[in-house]
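Read through the structure below, which is laid out as structure tokens, and then see the notes.
The values are calculated or read from the model by the stated rules, or taken from the named source; none is laboratory data. Note that the structure is predicted; figures quoted are calculated from it, not measured. Ideal geometry is used to build each Cβ from the backbone, glycine not excepted, and the neighbour counts take in all protein chains shown. Surface accessibility is based on the protein's heavy atoms, side chains included, excluding ligands, DNA and RNA. Shrake-Rupley method; radii C 1.70, N 1.55, O 1.52, S 1.80 Å.
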Amino acid sequence: MKERLRALVYEALERCRQNGSLTPGPTPTFTIESPVNPEHGDFAVNVAMLLARAEKKAPRQIAESIVAALGDGGGLCQRVEIAGPGFINVFLASSCWYGVLDEIHRRGSAYGPAASGGGAKVQVEFVSANPTGPLHIGHGRGAAIGDVLCRLLAATGWDVTREFYYNDAGAQIANLALSVQARCLGIEPGDARWPADGYQGEYIKDVAQAYLAGATVAADDRQVTAAADPADLDAIRCFAVASLRHEQDQDLRAFNVRFDVYTLESSLYTEGRVEAAVRQLVANGHAYEEGNALWLRTTAFGDDKDRVMRKSDGSYTYFVPDIAYHLHKWQRGFVRVVNEQGADHHSTVTRVRAGLQALGVGIPQGWPEYVLHQMVTVMRGGEEVKISKRAGSYVTLRDLIDEVGQDATRFFFIMRKADSQLVFDIDLAKQQSNDNPVYYVQYAHARVCSINRNAAEAGIKVPVVGAVDFSRLVLSEELALAKLLARYPETVEGAARSLEPQRVTTYLQEVAAAFHSYYNKQRVLVDEMETSRARLYLVNAVRSVLANALGLLGISAPEQM
RNA sequence: GCGCCAGUAGCUCAGUUGGACAGAGCAACGGCCUUCUAAGCCGUGGGUCGGGGGUUCGAAUCCUCCCUGGCGCGCCA
């Protein structure tokens, strides 16, 4: 609808230039928006104000020329007004809006955004937690945001690869192995022989027991059987990593999040990618030796200080495999890469991009893209729950899903933009009250289903496309609902383009509110058959959009509650 | 000290590539169930959009300087 109008405005501008009411020149990129105030029409075009400077004329004067050239837009526009500083307000015939209902019914679950991605390859890397413990609430936020980003990109026509990257070899993993070994030997935290900075959580004890019992665990794409030998630190490490990855997989499955590819940091070494990247950086003249270490001149690419690549002990710092990993992503053909991670890692953004620029292989400057989510503060019993991973005291994602439910947990995590800090009040979320906006939205869906059941009982079917008399829909609330439903595709497109899932939850709440209000004001099933059928058609379009949007977020759309 | 992110109603937060009088939920107060689910609806009160400058026809939105909070500033990841 909006795009049709845009084309009409372009044609009008062209006619203005031909008849001399506008001087020849480039057309600025103008906006067409849906005003909040219905008095401002269905669409507001700001092109006249943008042209004012170049034309050296008053915006309203320019608007008059454009409106004259626009005419009635081939029957699309019922009325066109010039208002305020020079807005062109377009009022469409209500029949245009009710046509949206036909489109929704015709396309069903396919009603939504256009496939603007054109099938191009995009990779979304998210969660990427190290296998040293269960996923906590912060990972949950990353999982929810990352998963929905994938869904949004897929819905807009991108070929999405979901990827999980984890460190299976560094110092933290060595620490993990030592902790499990200590538990195998019956050593407890506090004991003199307990490893410094060991992981103290109860789950370490479970891993140790399984290891001693010779258990087999499956994680990602491999299986590991425990050697059961407390002296074999290497075997313990392999088993512990697999066990914790297995646990994380279970948590993610419970959250309805899946991945296509798992990449291990160790593979970057065994495949020679780290060495190759370093060689390239040295060859390009961006590295230098100092203090027995190898440095990368990241300051040449916007960093505030140079960074060590190879430590004096010969091992690499963490961001070197990161660069090698991203080079590999580039080589795998991803035109876009989106990394979703916690904002506490934001300093890696500059480093990774600097390293990729230094490689000189033609990677664009803003590649990869980052979505960084701010911290999650957990409240329980009115107090902040302090997170200490080593001590094992934190709220796990699994606890949260068990207590709050998958749907509400998801909705809470994506309801707010990633940039904002999030206070997750567990007590509040646990009360399955209407404080949980997800119920509000789901209830709207269930209510339509309930109407459908009553209609079926009365022998009224939901009408098929073309069999509805739209003139029965005379209420302003009905027209408003149709207009709101028409905005669904562009809402999803905007959310995908800006990588902002919260736009969809905001929209869902708007649709649910409009529906609940309508429901309370007006009965759908009335004595008048044709009116009942028209309203049934309308509310089922609402149901369809609610179901599509909830599905896009990975949230269920229950038929009754 | 430097960098990144935030600061919008009592609380938690939206605010669509700058757009027309700033919105929602919760909390407070007052109404609505013999009719499709009251997990709902209607109404009232409540805001110098942290503060000062600037750009613009127009700023919560962009620039700049302050203030406050979070995070990061390692040869940890």
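Would you point out which residue out of A:Ala48, A:Ala129, A:Ala155 is surrounded by 22 or more Cβ atoms within 10 Å (Cβ to Cβ) and either in contact with a Cys (Cβ under 6 Å, 6 or more places away or on another chain) or within 30 Å of A:Ser266 (Cβ to Cβ) (or both)? Quick ask: steps written out before the conclusion?
Numbers: A:Ala48 fails: either in contact with a Cys (Cβ under 6 Å, 6 or more places away or on another chain) or within 30 Å of A:Ser266 (Cβ to Cβ) (or both); A:Ala155 fails: either in contact with a Cys (Cβ under 6 Å, 6 or more places away or on another chain) or within 30 Å of A:Ser266 (Cβ to Cβ) (or both).
Answer to the selection: A:Ala129.
Summed over the stretch A:41-71, residues that are basic (Lys, Arg) and within 12 Å of A:Pro28 (Cα to Cα) total 1. Give just the number: which of (1) more than 6 Å from RNA strand B (Cβ to nearest atom); (2) of a type outside the set (Phe, Trp, Tyr); (3) under 30 Å from A:Val337 (Cα atoms); (4) without any contact (Cβ under 8 Å) to a residue 60 or more places away in the chain does A:Ala514 not satisfy? Checking A:Ala514 against (1) more than 6 Å from RNA strand B (Cβ to nearest atom); (2) of a type outside the set (Phe, Trp, Tyr); (3) under 30 Å from A:Val337 (Cα atoms); (4) without any contact (Cβ under 8 Å) to a residue 60 or more places away in the chain, the one that fails is (3). If you go through the stretch A:22-38 and keep only what is of a type outside the set (Asp, Glu) and in a strand (DSSP E or B), you end up with just A:Ile32. Counted as qualifying within the stretch A:295-408 are the strands (runs of 3 or more DSSP E) with 2 or more residues that are within 25 Å of A:Leu153 (Cβ to Cβ) and within 14 Å of RNA strand B (Cβ to nearest atom), namely A:336-342, A:369-373. Being open to solvent by 20 Å² or more (accessible area, probe 1.4 Å) and touching a Lys or Arg at 6+ places or on another chain (Cβ under 8 Å) holds for only one residue in A:Ala293, A:Ala287, and it is A:Ala287.
Return yes or no: is A:Arg416 part of a helix (DSSP H, G or I) and open to solvent by 10 Å² or more (accessible area, probe 1.4 Å)? For A:Arg416, the condition - part of a helix (DSSP H, G or I) and open to solvent by 10 Å² or more (accessible area, probe 1.4 Å) - is not met.
Scanning the stretch A:54-99 for residues that are aliphatic (A, V, I, L, M), exposed (fewer than 15 other Cβ atoms within 10 Å of the Cβ) and within 16 Å of RNA strand B (Cβ to nearest atom), we see that the one that is nearest to A:Gln18 (Cα to Cα) is A:Ala54.
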